[in-house]
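Everything on this sheet refers to the single structure shown next.
The values are calculated or read from the model by the stated rules, or taken from the named source; none is laboratory data. As the structure is a prediction and not an experimental result, all values here were calculated from the model. Here the Cβ is made from the backbone with ideal geometry for all residues, glycine too, and neighbour counts use every protein chain on show. Areas reflect the complete protein model, heavy atoms only, side chains present, ligands, DNA and RNA absent. Shrake-Rupley method; radii C 1.70, N 1.55, O 1.52, S 1.80 Å.
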Amino acid sequence: LHRGAHYHAGVRDPAIDAALATLGCADLAELTIGGIAATELVATFGSPLYVFDAAVLRDRVAAVRRALGPRVELLWSVKANPSLAVTSCLRQAGCGAEIASLGELAVARAAGHAALALRFAGPGKRDEDLAGALAAGVGCWHVESADEVDALARLAAAAGTRAGVAVRVNLPHELGGTRLRMGGRSSRFGIDADQVPAVLRQIVAAPSLRLLGLHAYAGTQAFDGTAFVGHAAALLDHAGRWERELGVALAEIDLGGGFGVPAYAGDPSLDLTATGQALQRLLAGHERPGRRWFVELGRYLAAPAGVYLTRVVRQKQSGGVTHVAVDGGMHQHAAACGVGTVIRRPPLLVRATALQAAGGAQVTLGGPLCTPADQFADALPLGPLAGGELLAVLHAGAYGLSFSPHSFLSHATPAEVMVDGGRARLVRARGAVDAALHGQQP
Ligand SMILES: Cc1ncc(COP(=O)(O)O)c(C=O)c1O
């Protein structure tokens, strides 16, 4: 459970070295982000701190576009990090966006996206979500039930508009090689393939709807590119059959995404180049005039661009174990504490001022919350650690703060900083210490 085995005998997980190389710190003794020392960032902006590197975001987009080729349009999944600065940076780098709430709609629009270019997914869109985003002019709805199609048709008619629709398909076979599957069996996500023909007819028959195509998203942390392409092939088989049998045009095909990025010791890596080549071969066989292809990614674009910095606050011995309490924790980076995983393993964690150190004394690292779940790792050979020493969780640019129970224990939320061109700027202010009172009445 939660063992730091990846550091044993001085050998550490290759994912840590790859993550440091992405940040340009492969051979450095001290962590820098965008050329600025992590210690300097914390001295200026405080701790705990999220730092995002704009150059890494741009590099990730460029690498994915190179791999997938010019025919595939790349969408940023705002849910992975609803930071306005990150979303703006990715828009400027050429990404469209995929949203799942009115809050994400607000972030995407503030980042400069036209509502018409946005695609709105999610199984539980309420009538007020549909009406609000229709009024804003969202261009494509990823519908997840026949019930939602009815509501959208009714609300679009009432608004005197025509809503573009793509049907999210739950294919009968699940996507292998992913950590968290969202299809291939009874699911809240997407419409079972055998029910899709009826839904396509329903859309075509509704004057306030316009059928655009299909969407599929089968799971996150997909490390097996072959399985991803196989899933896309199955979707395209269905698409071809439905077009022939129903006489409909499915012009826009969103193949989903979920490309995997190592988050914990022992995680594999996705072969992006091979995945892209196989996907391009597949798509070439299904081209037609007017067809648009989409891939939507969150973690793959943003995780490697982010670092979560936290400082050592207290240390003590208990039962022969060195317990180190840090100022960050599960309330700010739940995934780094293993929330959402079945077998808990340490995150990609390093000492910011001793990057190449490995194989030291074992320590157990936890945060300030009153739950044993608030623990980054147990028996991690990172010690001895000095009081105030800075630690860094790498690959922290996705599913960080927004995926965390940050109101638990009412600590202030961390600040967020974007580093670009050798300069750091605050892009989310640290929360107020009395923010827990916000909106409350005695
Ligand atoms: C519909 C949809 N699209 C995209 C994503 C982004 O996934 P990832 O960050 O793994 O790329 C998710 C994540 O849950 C999703 O549900």
> Where both partners of a DSSP beta bridge lie in segment 208-330, what percent of those bridges are antiparallel, to the nearest 5?
Replying inline: 45
> Using a probe of 1.4 angstrom, how much of the accessible area of segment 247-293 is carbon and sulfur, in percent?
Replying inline: 54
> Can you pull the percent of Cα pairs in segment 338-406 with separation above 17 Å?
Replying inline: 47
>> Just want to confirm a number: the relative contact order over the chain, from Cα pairs under 8 angstrom separated by 6+ residues, in percent.
In response: 21
> Which of the peptides 391-404, 285-298, 248-261, 120-133 is most tightly packed, and how do the rest follow, going by the mean number of other Cβ atoms within 10 Å of each residue?
Replying inline: 391-404, 248-261, 120-133, 285-298
> Between the helical axis of 272-284 and the dominant principal axis of the chain, each derived from Cα atoms, what acute angle in degrees is found, rounded to the nearest 10?
Replying inline: 0
>> Debye calculation, C-alpha points only, no solvent: report log10 I(q)/I(0) for segment 178-249 at q = 0.16, 0.20, 0.27, 0.28 Å⁻¹, in the same order as the q values.
In response: -0.64, -0.92, -1.30, -1.35
> Of all DSSP beta bridges located in segment 244-390, what percent are antiparallel, nearest 5?
Replying inline: 65
> Taking the DSSP beta bridges in the chain as the whole, what percent of them are antiparallel, to the nearest 5?
Replying inline: 45
>> Loop-only GluC sites (Glu not before Pro) in segment 14-97, please: DSSP not H, G, I, E or B, and at most 16 other Cβ atoms within 10 Å.
In response: 30
> Which percent of Cα-Cα pairs in segment 66-176 sits in each 10 Å bin, short to long?
Replying inline: 14, 43, 32, 11, 0
>> With N set to the number of residues, divide the alpha-carbon radius of gyration of segment 317-442 by 2.2 N^0.38 Å and report two decimals.
In response: 1.15
> When only the heavy atoms of the protein chains count and the probe is 1.4 Å, how do 271, 327 rank by accessible area, highest first?
Replying inline: 271, 327
> Using 11 Å as the cut-off for backbone N distance, which residues of segment 10-51 belong to the label zone defined by a point 7 Å from the Cα of residue 269 along Cα→Cβ?
Replying inline: 14-22
>> Contact order normalised by length for segment 338-442, with contacts defined as Cα pairs under 8 Å and 6 or more residues apart; what percent is it?
In response: 21
>> Can you classify segment 225-278 as rounded, prolate or oblate using the Cα gyration tensor, where a ≥ b ≥ c are the square roots of its eigenvalues, rounded means a/c under 1.5, and otherwise it's prolate if a/b beats b/c and oblate if not?
In response: prolate
> Which shape class applies to segment 319-360: rounded if a/c is under 1.5, otherwise prolate when a/b exceeds b/c and oblate if not, where a ≥ b ≥ c are the square roots of the Cα gyration tensor eigenvalues?
Replying inline: prolate
>> Can you classify segment 289-378 as rounded, prolate or oblate using the Cα gyration tensor, where a ≥ b ≥ c are the square roots of its eigenvalues, rounded means a/c under 1.5, and otherwise it's prolate if a/b beats b/c and oblate if not?
In response: prolate
> How much accessible surface does residue 145 have with a 1.4 Å probe, in Å² rounded to 10?
Replying inline: 40
> Can you list the equivalent-ellipsoid semi-axes of segment 292-334, largest first and in whole Å, using the square root of 5 times each Cα gyration tensor eigenvalue?
Replying inline: 37, 11, 8
> When all alpha-carbon pairs of segment 186-322 are counted, what percent fall beyond 25 Å?
Replying inline: 44
> How high is the relative contact order of segment 151-262, in percent, counting Cα pairs under 8 Å that sit 6 or more residues apart?
Replying inline: 31
>> Could you tell me what a quarter of the Cα convex hull surface of the chain works out to, in nm² with one decimal place?
In response: 22.3
